[in-house]
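Heads up, the thing below is written out as structure tokens.
The values are calculated or read from the model by the stated rules, or taken from the named source; none is laboratory data. Since the structure is predicted, the reported quantities are computational estimates derived from the model, not experimental observations. We place every Cβ from the backbone using ideal geometry, glycine too, and count neighbours over all the protein chains shown. Surface accessibility is based on the protein's heavy atoms, side chains included, excluding ligands, DNA and RNA. Shrake-Rupley method; radii C 1.70, N 1.55, O 1.52, S 1.80 Å.
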Amino acid sequence: MSFADLGLSDELLRAVNESGYTEPTPIQASAIPSVLMMRDLIGIAQTGTGKTASFVLPMIDILAQGRSRARMPRSLILEPTRELAAQVAENFEKYGKYSGLSMALLIGGVSMGDQMAALEKGVDVLIATPGRLMDLFGRGKILLTGCSLLVIDEADRMLDMGFIPDIEEICTKLPKARQTLLFSATMPPPIKKLADKFLDNPKMIEVSRPASSNLSIAQYLVPLKSDAKRAMLSTLLQQEEVRTAIIFCNRKTTVRELNKSLRRLGLASSEIHGDMDQSARLAELDRFKRGEVTILVASDVAARGLDIKGVSHVFNFDAPWHPDDYVHRIGRTGRAGATGVAYTFVTPEDAENVANIEKLQGQKIERLKVAAAPVPAPVDTPVADAPQRERTPRRGAKPRTSAPSFEPEIAAALPEPIADDPLPAEIVRPPREERRPRDEQRARDDHRAREDQRPRQDRQPRDEGRSRRSDRAAAYRDRAVDDQPDDGWNGPFPAFLEVTLNR
């Protein structure tokens with residue numbers, strides 16, 4: 001079967017052929033004719049089976065007739081994450097380049113002004129995350145009464161992220177006479193309840209058993225201890241068949257630390273996690289797609305729906321907490337008929353998680369025992385035995401009085417350190433009992449402070465104080481003269497030596 005057998009338009013077939021696709025996947029072959037017949041649809045398919053094109057292609061032909069109006073999109077596609085929404089937008093640009101349809105991307109992390117400007121012009125296709133859509137709807141910037149086609153993609157992921165109440169509210173604001181398409185990898189009870197409530201006699205298409213893994217992916221569990229993960233990862237990354245790889249971690253801090261470690265080893269790696277803003281995340285994904293980096297360390301924000309061609313290996317550095325996350329993680333490889341390899345590092349603490357994964361898949365995963373090679377030294381680490389530059393002592397610097405860094409034999413041969421000369425006696429501080437008592441000093445300070453605070457007219461004049469001190473000095477000199485014995489000249493004083501004392 002070819003795409004021409006599905007009833008698509010010539011312009012659309014031309015775009016598909018230019019994209020390099022010749023035969024539809026099973027989900028595409030089953031879903032496209034039903035969507036073109038305007039039926040509601042439930043598509044259950046594992047990741048990597050091409051389900052995005054199964055609703056993008058027929059939507060382009062359905063929307064070819066009609067005209068968009070300001071703030072009233074004609075169709076709506078709900079995606080759980082920004083990355084998935086951006087990927088669907090890329091598909092519309094690729095397949096709809098000859099259709100002339102307008103499109104807007106409504107996601108968080110980017111300017112809201114540009115998004116509102118696009119809505120004011122009118123769009124045929126609106127791709128949105130529930131949070132940003134509800135935000136603009138609450139501001140009165142968008143109307144959903146003209147939307148005739150709704151797509152709920154990755155419904156089970158919506159459930160995990162807590163978006164089901166938002167989706168129910170969005171569905172109530174849409175016209176009842178509409179076409180609704182729901183796609184999911186699994187069908188838990190809440191998703192089944194959602195489908196029963198908002199879909200009208202849907203056609204069920206299931207191309208693979210729910211939560212089953214891709215048969216083209218070779219899966220291995222690697223039992224080891226937590227502190228041996230990095231050494232094991234370095235060993236497996238050195239394999240020749242590892243061309244490009246995605247490494248998944250459970251925590252954002254682990255993503256950052258592991259990426260730094262890989263870069264220190266000289267590997268072309270990058271990272272993507274929830275703490276990065278939208279522009280930075282898309283930029284790193286583009287670098288990985290272009291081949292500028294060959295290793296992408298990611299949290300589960302990148303686990304679902306990212307269509308990156310040529311990923312040869314997936315490494316679960318941390319075993320996923322939820323079995324469904326395991327299926328979506330390893331689904332990043334082995335896409336579009338290619339083969340891939342998935343390694344999962346498991347510690348004794350992961351026994352319950354592994355049991356749940358195997359129970360969900362209905363099969364045992366092969367255990368792999370690999371001897372980890374020593375981790376190579378970082379490329380920027382200096383050689384251990386490189387000669388150290390000898391330090392020249394500064395002129396006039398005192399010699400060190402101890403040598404703790406010398407070898408014992410060398411330290412024993414060093415002369416005894418010379419003690420410094422003692423301070424002169426006149427500048428040695430007196431014993432504590434000879435110093436001025438602290439209370440007396442504090443009293444003198446308080447007296448000075450009170451003296452300074454007295455009004456100026458109450459203070460003692462400076463000249464008067466000086467005259468009193470002069471009188472006391474003169475009296476002291478007079479007493480000193482009277483007390484001295486006169487054992488010198490006993491004759492009469494000459495007139496020129498006569499001194500008159502003022503008492």
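Quick notes on this structure:
- Filter result (open to solvent by 70 Å² or more (accessible area, probe 1.4 Å) and modelled with pLDDT of 90 or more) within segment 204-222: Met204
- Subset of segment 130-164 [polar (S, T, N, Q) and open to solvent by less than 10 Å² (accessible area, probe 1.4 Å)]: none
- Wholly within segment 1-70, helices (runs of 4 or more DSSP H) carrying at least 2 residues that are touching a helix residue (DSSP H, G or I) at 6+ places or on another chain (Cβ under 6 Å) and crowded, with 22+ Cβ neighbours inside 10 Å: 26-36, 51-62
- Of residues in segment 247-290 being among the hydroxyl-bearing types (Ser, Thr, Tyr) and in a helix (DSSP H, G or I), the one surrounded by the fewest Cβ atoms within 10 Å (Cβ to Cβ): Ser279
- Subset of segment 321-356 (residues that are under 17 Å from Ala185 (Cα atoms) and not in a helix (DSSP H, G or I)): His322, Gly331, Arg332, Thr333, Gly334, Arg335, Ala336
- Among the residues here, Pro190 does not qualify as of a type outside the set (D, E, K, R) and part of a loop (DSSP other than H, G, I, E, B).
- Check on Ser226, farther than 30 Å from Leu182 by Cα and either surrounded by fewer than 14 Cβ atoms within 10 Å (Cβ to Cβ) or of a type outside the set (Val, Ile, Thr) (or both): yes
- Checking each residue in segment 193-203 for being surrounded by 13 or more Cβ atoms within 10 Å (Cβ to Cβ) and either part of a loop (DSSP other than H, G, I, E, B) or not small (Gly, Ala, Ser) (or both) picks out Leu194, Phe198, Leu199, Pro202, Lys203.
- Annotation note: Cβ proximity below 6 Å between a residue of segment 3-30 that is within 23 Å of Arg335 (Cα to Cα) and a residue that is among the charged types (D, E, K, R) and crowded, with 20+ Cβ neighbours inside 10 Å (sequence gap 6+ or interchain) occurs for Ile27/Lys51.
A quick yes/no check of all residues on (1) modelled with pLDDT under 95; (2) farther than 26 Å from Lys176 by Cβ:
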residue	(1), (2)
Asp5	yes, yes
Ser19	yes, yes
Pro73	yes, no
Ile77	no, no
Ala85	yes, no
Asn91	yes, yes
Ser99	yes, yes
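- Residues satisfying the criterion are present in segment 222-231 (criterion: within 28 Å of Gly291 (Cα to Cα) and over 26 Å from the mean Cα position of the chain (by Cα)).
- Segment 240-251 residues that are closer than 8 Å to Val297 by Cα and in contact (Cβ under 8 Å) with a residue 40 or more places away in the chain, paired with ones that are among the hydroxyl-bearing types (Ser, Thr, Tyr) and outside any strand (DSSP E or B) (beta carbon under 8 Å, 6 or more apart): Ile246/Thr333; Phe248/Ser299; Cys249/Ser299
- Scanning segment 165-192 for residues that are surrounded by fewer than 17 Cβ atoms within 10 Å (Cβ to Cβ) and under 28 Å from Gln46 (Cα atoms) yields Pro165, Glu168, Glu169, Pro188, Pro189, Pro190, Lys192.
- Among the residues listed as Gly162, Gly113, the single one being assigned to a loop (DSSP other than H, G, I, E, B) and within 28 Å of the chain's Cα centre (by Cα): Gly162
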